[in-house]
Each structure stands twice: as structure tokens, then as C-alpha cells.
Amino acid sequence: MIEKSIALFNRAQQSIPGGVNSPVRAFKSVGGTPVFMKSAKGAYMFDADGNRYIDYINSWGPMILGHAYEPVVKAIQEYAQYSTSFGAPTELEIEMAELIISIAPNVDLIRMVSSGTEACMSAIRLARGYTGRNKIIKFEGCYHGHADSFLVKAGSGVATFNIQTVPGVTAGVANDTLTCAYNDLDAVKQLVAEHHNEIAAIIIEPVAGNMGCILPQEGFLEGLRAICDLQGIVFIMDEVMTGFRLAPGGAQERLKVNADLVTYGKVIGGGMPVGAFGGKKEIMQHISPLGNVYQAGTLSGNPLAMIAGYVMLKTLKENPSIYKHLEESTNYLRKGLDEVLKASGTPYVINQLGSMISIHFSEHPITNFSSAAAANNELFKKFFHAMLKRGVYLPPSAFETWFLCNALTREDLDMTIQKAKESLQEIL
Ligand SMILES: Cc1ncc(COP(=O)(O)O)c(C=O)c1O
């Protein structure tokens with residue numbers, strides 16, 4: 001029963017475009033009515049009708065410790081009384097920067113912003129300002145937020161809605177964004193040769209999460225690193241999803257590849273609107289007011305956002321067992337899903353690294369956007385709804401990774417596997 005959600009969705013559409021403030025939430029690609037949430041605690045979300053869901057999106061990544069994690073909630077409550085914003089520097093911002101630098105590899109300086117989009121957009125501007133070049137290379141199916149430069153062959157909602165070219169993005173901007181297939185190093189080499197001395201940056205999701213979960217093949221990231229070194233190109237690892245999730249030091253630590261610039265979002269804000277970009281001093285010192293690449297924000301370094309993120313990151317830094325537990329939970333889920341999918345007889349692929357995992361209904365390996373798009377995404381829609389009605393909240397699109405949180409218990413995972421079995425029996 002989702003009567004209240006149905007009523008809320010009807011009402012929302014009168015005042016909000018499509019009834020939602022971010023497109024994928026509208027469930028358009030899977031059909032049906034989006035479920036309106038009222039509260040969440042630990043691994044569970046509760047909707048307006050009082051239904052409980054085991055949550056596998058975790059606010060699309062941030063809630064790695066589960067919803068309403070008490071130390072974060074308490075810190076926000078305490079800091080709210082000192083003012084919700086100053087527009088002037090605070091000691092807390094220094095503590096946050098120092099903490100991130102102590103955790104993240106290759107970050108000498110870090111600038112806080114309010115979203116992952118802002119972080120990636122600013123990193124690209126910085127790379128252009130630093131190199132004096134205009135073009136960037138991104139990968140098909142990777143999503144780096146909704147800044148104009150990135151809405152070319154993007155993943156996430158852009159892929160979900162099958163949008164080929166985005167109205168409003170000028171041809172000039174689009175022409176400066178070159179694209180290659182994920183995992184295709186030869187294509188990158190060719191592009192770089194064709195555009196000698198024109199490419200400012202290569203930006204990549206080191207583990208892609210916006211076409212489902214897709215892993216970099218052996219040598220791919222290392223190959224990109226080598227090309228960047230050879231050609232004076234800035235290598236930007238977009239760790240908005242992977243940062244503080246795959247390891248305290250994100251994909252850089254986990255996969256042992258070094259970036260020149262890194263972008264963060266999601267986990268870094270503990271559920272508050274936060275992003276950041278950082279990297280080597282040689283490059284970061286070109287950002288204003290140190291240098292003349294302009295970048296700013298009224299609410300950047302906002303005290304409530306900073307304290308939420310600080311408490312979250314400090315908890316992660318001081319408790320490495322969290323990553324072990326997340327990994328064990330995800331491995332357990334993967335094994336269980338593997339068994340029920342195998343028994344169902346339908347072709348499938350499970351991709352996973354750490355606590356990022358996804359299922360594609362496909363006979364072929366899923367290594368890039370075209371293989372993800374060729375999977376049986378109609379079947380995914382049915383699977384999504386069958387799981388939702390059984391109380392398991394998956395991302396409402398095959399082009400999104402699932403995220404696990406540390407609050408999930410063995411019972412939750414067993415229930416998820418059981419519900420997957422029932423769902424497959426219903427839809428196949
Ligand atoms: C890898 C990646 N980069 C950037 C972004 C944009 O972040 P935000 O939605 O906070 O603007 C996202 C959002 O999902 C993302 O997954």
C-alpha cells in the first residue's frame with residue numbers, strides 16, 4: 001500500500017518539475033510511482049505510508065554508516081545553535097581539510113564546495129587554467145555531475161532517460177568534451193594523438209557507478225596515468241562515489257593509482273550537501289585567491305555540513321574494521337544473489353568492488369556503457385518493482401550502482417537474498 005506516496009506524487013507534480021528535485025527519483029525508467037520517504041534509521045527507510053525498506057541506495061552513497069548515525073546527528077544539533085552559516089572562515093574548516101589530507105593520498109590542498117557537480121566542474125576549470133588547454137576526455141557512461149562539459153555521453157540519469165544530446169549545452173562546450181569507451185586504452189591513445197597538446201584533463205570514475213557498477217580492467221587506470229604523465233595532462237579521479245567508500249583513501253588507495261586532482265562528494269558530507277576537490281599543491285595553488293582560476297561559494301565550508309562530514313570521516317578513519325565489515329557484507333550478498341540468480345536460469349552479471357555492487361541481466365561481461373546498455377534492462381525494471389514491493393529498495397535504474405551501509409545485519413542480507421529469489425520466481 002503506497003496510497004500516501006501516490007497522493008504526494010500527484011501533489012508534487014503541481015509545484016515541482018516532474019514531482020522531484022532530481023530526475024532518477026521519479027522512477028520514470030522503471031515506471032510506477034516513486035515512494036516518498038518520511039524517515040530512516042540504520043539500514044532501513046520508512047515511507048509516508050509506514051512501509052519499511054532495506055535500503056541499497058543509501059542516499060546514493062553518503063550514508064555509509066547507515067541513516068541517522070547518532071554521532072553525526074548529535075554534532076549537527078550541537079553546531080546548529082552556533083549559527084547555520086557565517087560566510088567567514090572557521091577553525092572547523094581547517095580541521096576538516098587537515099583530516100582529509102591525513103586520509104586521502106595525493107591531496108596537499110583541498111577546497112570545499114557544496115556538491116559533487118561543483119567539485120568536478122571546478123576541477124576541470126582548474127585543469128584548463130593550469131595547462132592553458134581547452135579539451136577534456138571523459139568516458140561514456142561516466143557521470144561527473146550536471147555541469148555542461150559533462151553532459152556528453154553521460155551515465156546516471158542521462159543514460160537512464162536515454163538522452164543523447166542535452167538541450168542547453170552549446171556545441172562549443174560539447175566540442176571540447178571528447179569521449180572514449182570505458183576500459184578502452186587504445187581509444188584514449190588515439191584521441192590524445194589526434195589532439196596533441198590540446199587536452200587539459202582526463203576525468204574518470206575509477207570504479208564506475210553510473211552505468212551500474214563497472215570495474216576498471218587491469219592496467220587501464222595505470223595506462224591513463226602514464227598517458228597523462230607523458231602528455232602533461234591532468235589526471236582527475238572523480239571519487240565522488242568511491243572516496244572514503246572503497247577504502248579510507250578511496251580508489252586511489254584501493255587500486256594504487258595516483259591522481260593529480262581528486263573530486264569528492266557523498267560520504268565526505270555525512271549526508272549534508274558537500275563536495276570537495278583537491279590535489280597536488282603545484283596545481284591547486286592556481287585556485288583563487290592563491291592563483292587566478294576563480295572559484296567560490298556562499299555556503300562552501302558551511303559549518304553544519306563540515307561537522308557532519310568531519311564526524312563521519314573521523315569515524316571511518318579511526319575504525320578500519322568498518323571497511324572489513326562492509327566488504328564481508330557485500331561478499332555475502334553477492335554470494336547469495338549469485339546462487340539465486342544461477343538457480344533462476346536467467347543470464348546475469350554481478351559486478352562488485354568493496355561495498356559497490358550491481359546486477360545486469362546479460363550473457364556478456366559488463367565492461368563499458370555499450371555492454372551495460374545492451375543488457376536486458378526491461379527485466380531489471382521488473383526485478384526492481386518485485387523487490388520494492390517486498391521491502392527492498394534498489395536504485396530505480398540499471399544504470400546505477402547499489403551501495404551497502406555498515407548498519408546492514410546478516411538477517412537483512414538473508415532477507416534480501418530470499419526476496420531476490422521470490423522476485424525472480426515472480427518475474428521469470
Ligand atoms: C561519480 C560522480 N561524480 C559526480 C557526481 C555529482 O555529484 P552531485 O550529485 O553531488 O552533484 C555524482 C553524482 O551521483 C557521481 O556519481
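Annotations for the structure displayed:
- Filter pass, I199 being more than 11 Å from the ligand (Cβ to nearest atom), among the β-branched types (V, I, T), closer than 22 Å to K135 by Cβ and crowded, with 24+ Cβ neighbours inside 10 Å: yes
- Test set (1) modelled with pLDDT of 95 or more; (2) not in a strand (DSSP E or B) - S149 fails condition number: (1)
- Counted residues, the stretch 246-291 - those being part of a helix (DSSP H, G or I), more than 16 Å from S355 (Cβ to Cβ) and either away from the ligand (no atom under 13 Å from the Cβ) or without any contact (Cβ under 8 Å) to a residue 12 or more places away in the chain (or both): 5
- Among the conditions (1) in contact (Cβ under 8 Å) with a residue 40 or more places away in the chain; (2) closer than 14 Å to G270 by Cβ; (3) part of a helix (DSSP H, G or I), the only one that M112 does not satisfy is (3).
Here is a yes/no grid of residues against (1) in the same structural domain as C228 (by TED's automatic domain parsing); (2) within 14 Å of the ligand (Cβ to nearest atom); (3) more than 22 Å from I214 (Cβ to Cβ):
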{"position": "H146", "(1), (2), (3)": "yes, yes, no"}
{"position": "F150", "(1), (2), (3)": "yes, yes, no"}
{"position": "K153", "(1), (2), (3)": "yes, no, no"}
{"position": "G157", "(1), (2), (3)": "yes, yes, no"}
{"position": "T170", "(1), (2), (3)": "yes, no, yes"}
{"position": "A174", "(1), (2), (3)": "yes, no, yes"}
{"position": "C180", "(1), (2), (3)": "yes, no, no"}
{"position": "A187", "(1), (2), (3)": "yes, no, no"}
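- Annotation note: of F139, F150, F161, the sole residue that is surrounded by fewer than 17 Cβ atoms within 10 Å (Cβ to Cβ) and under 19 Å from the mean Cα position of the chain (by Cα) is F161.
- Under the condition of being without any contact (Cβ under 8 Å) to a residue 60 or more places away in the chain and either assigned to a helix (DSSP H, G or I) or aliphatic (A, V, I, L, M) (or both), the residues counted in the stretch 192-219 number 3.
- Some residue of the stretch 318-332 being touching a strand residue (DSSP E or B) at 6+ places or on another chain (Cβ under 7 Å) and either closer than 30 Å to M121 by Cβ or part of a helix (DSSP H, G or I) (or both): yes
- Considering only residues in the stretch 235-244 that are assigned to a loop (DSSP other than H, G, I, E, B) and within 11 Å of the ligand (Cβ to nearest atom), the one that is surrounded by the fewest Cβ atoms within 10 Å (Cβ to Cβ) turns out to be M241.
- Flag for Q190 being surrounded by fewer than 17 Cβ atoms within 10 Å (Cβ to Cβ) and modelled with pLDDT of 95 or more: yes
- In the condition set (1) under 30 Å from S29 (Cβ atoms); (2) more than 19 Å from the chain's Cα centre (by Cα); (3) in a loop (DSSP other than H, G, I, E, B), N106 is compliant with all but (1).
- Residue that is closer than 24 Å to L255 by Cβ, in contact with a Ser or Thr (Cβ under 7 Å, 6 or more places away or on another chain) and buried (at least 17 other Cβ atoms within 10 Å of the Cβ), where the choices are I204, I214: I214
- Residue satisfying all of: in the stretch 57-75; within 15 Å of the ligand (Cβ to nearest atom) and in a loop (DSSP other than H, G, I, E, B); nearest to the chain's Cα centre (by Cα) among these: G61
- Sole residue being assigned by TED's automatic domain parsing to the domain that holds E411 and closer than 30 Å to T315 by Cα, chosen from F46, F9, F27: F46
The values are calculated or read from the model by the stated rules, or taken from the named source; none is laboratory data. Owing to the predicted nature of the structure, the values given are computational and were not obtained by experimental measurement. Quick reminder, even Gly has a Cβ in these numbers, built from the backbone with ideal geometry, and neighbours come from all protein chains shown.
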